[in-house]
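Here's the structure, in structure tokens; my notes come after.
The values are calculated or read from the model by the stated rules, or taken from the named source; none is laboratory data. Just so it is clear, the model here is predicted, and its values are computed rather than measured. Cβ atoms come from the backbone with ideal geometry, glycine included; neighbour counts cover every protein chain shown.
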Amino acid sequence: MESDMNGSLADLLHEQLRDLHDAEVQYCRLLPRMIEMSTFGALRDFLISTDQQTHENLGTLEQVCSLRGISPSGVHCEAMEGLIREARRSPGFTVDSATLDAAIIANAQRIAHYEIAGFGTASAFARCLNSNKASSLLARLADEAGARDQALTKIALGGWFEPGVNQEAASPANSH
Ligand code: FE
């Protein structure tokens, strides 16, 4: 365990690390369903790699907890529970696959933003506590969540030569 003198900030960091670990456990349970519901090829490929990264994130968070000398269990992430509850509602609002793909992207981006905030804040706390190895591991998780957010924007908006999911969902064939 890396030592520090600031007990209260350390307690806050540990609570947040446990919350993040639980959040990632919950996301691992949702991802197979998101993969199954998605139809757009690039989105499905993205979700498959997100599933793999999220499982790897658990290992990284366990490594960070071990550096801090704490167990990763014991906190339930209410925010992720809410994000997942909303994500599970999406199929009820959509009648076509392109719109469902757009909804999946919206849900995955909300989760990526939660991850960016959570990992980034925990990294900053760890740095203040001179827990530099933990801080850099958490910063990497925040960067990877940022990259997933950007990849989702690209899938939604498309590029010069291919339409994105949003455009597919808005096409006349999908209008009601
Ligand atoms: Fe949380």
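Points worth noting:
Rundown of residues vs (1) surrounded by fewer than 19 Cβ atoms within 10 Å (Cβ to Cβ); (2) farther than 17 Å from Leu58 by Cα; (3) modelled with pLDDT under 95; (4) not polar (S, T, N, Q), yes/no style:
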{"position": "Ser71", "(1), (2), (3), (4)": "yes, no, no, no"}
{"position": "Leu83", "(1), (2), (3), (4)": "no, yes, no, yes"}
{"position": "Glu86", "(1), (2), (3), (4)": "yes, yes, yes, yes"}
{"position": "Arg89", "(1), (2), (3), (4)": "yes, yes, yes, yes"}
{"position": "Phe125", "(1), (2), (3), (4)": "no, yes, no, yes"}
{"position": "Leu138", "(1), (2), (3), (4)": "no, no, no, yes"}
{"position": "Gln150", "(1), (2), (3), (4)": "yes, yes, no, no"}
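- Note on segment 114-151: residues that are on the phi < 0 side of the Ramachandran plot and touching a residue at least 40 places away in the same chain (Cβ under 8 Å) amount to 22.
- Test: residue in segment 103-110 that is crowded, with 18+ Cβ neighbours inside 10 Å and farther than 19 Å from Lys154 by Cβ: no
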